[in-house]
Amino acid sequence: MHAFSILTLGIFVAGYSTARWDLATRAYELAIFAWDHGVVARAAKGLGLLTVLFFLLVLPVALLATRETDLHPRTAGSGISAREQLKRRGSF
């Protein structure tokens, strides 16, 4: 390698490692700041609330849909596809 390219590579490595170190220390400081200001506790409360809402609203609807699908199965040969219906109506 030429002296210029070795120097360029050295400058790049030094800048890259410095930027990485700065990023790591800022992330650490941000984590401490968030912990001191209760962000972690509020996020945990929000996650708990969303979990409860999921179990109370979304899960019963999914179970109901599964039950209805089992009660009224669709066979592959019956009916026509949505595309075929649109073609027959002239909308497609």
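The values are calculated or read from the model by the stated rules, or taken from the named source; none is laboratory data. The structure displayed is predicted, hence computed values, not measured ones. All Cβ positions, glycine included, derive from the backbone under ideal geometry; neighbour counts span all protein chains shown.
Is it the case that segment 20-35 has a residue that's surrounded by 10 or more Cβ atoms within 10 Å (Cβ to Cβ) and outside any helix (DSSP H, G or I)? No, segment 20-35 contains no residue that is surrounded by 10 or more Cβ atoms within 10 Å (Cβ to Cβ) and outside any helix (DSSP H, G or I). Select from segment 60-79 the residues that are surrounded by 10 or more Cβ atoms within 10 Å (Cβ to Cβ) and of a type in the set (V, I, T) and write down the one among them that is modelled with the lowest pLDDT. Checking each candidate, the answer is T69. For L56, the stated conditions do not hold, so it cannot be described as of a type in the set (A, V, I, L, M, F, W, C) and surrounded by 10 or more Cβ atoms within 10 Å (Cβ to Cβ). For A14, state whether it is within 32 Å of the chain's Cα centre (by Cα), modelled with pLDDT of 90 or more and either among the charged types (D, E, K, R) or not in a loop (DSSP other than H, G, I, E, B) (or both). Judged against the criteria, A14 is not a match.
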